[in-house]
Amino acid sequence: QVQLVESGGGLVQAGGSLRLSCAASGSISRLNVMGWHRQGPGKQRELVAVIFSGGSTTYANSVKGRFTISRDDAKNTVYLQMNSLKPEDTAVYYCEATVGGRPYWGQGTQVTVSS
């Protein structure tokens, strides 16, 4: 069983930066795939970034060059550094970990970008 807790969300102005953290506990290991998803008002949940156990990463086109995903396996924590934020980045951001072939989700953290 896995538990995920996000933190770091908040209100920022356009052009600003924010770093999200996701702490994992339970049966998590450094071999697991972890990622970030988001869901804006009236929109479907979308993939933002993924980091694989080997360290490779994947990003949505809308955030390439602005967001960076990283992980600290010693702390069982994944991060999302968000720079040059835009109002369209406003959403609830969810941490996800794939363990034993199934996804586990955090409760989400709100990010609001004002114009």
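What follows draws every value from the coordinates through simple rules; no lab data is involved. Just so it is clear, the structure is predicted and the values come from calculations on it, not from any experiment. We place every Cβ from the backbone using ideal geometry, glycine too, and count neighbours over all the protein chains shown.
A few notes on this one:
- In a reduced charge model with +1 at each Lys and Arg Cβ and -1 at each Asp and Glu Cβ, the chain shows a dipole moment near 100 debye about its Cα centre.
- Calculated FRET efficiency for the pair Lys64/Gln3, C-beta based, R₀ 22 Å, to 0.05: 0.15
- For Gly10, net neighbour charge (Lys/Arg +1, Asp/Glu -1) across residues whose Cβ lies under 14 Å away: -1
- Summing +1 for each Lys or Arg and -1 for each Asp or Glu among the other residues whose beta-carbon sits under 9 angstrom from that of His37 gives 0.
- Share antiparallel - DSSP beta bridges, the chain, percent rounded to 5: 90
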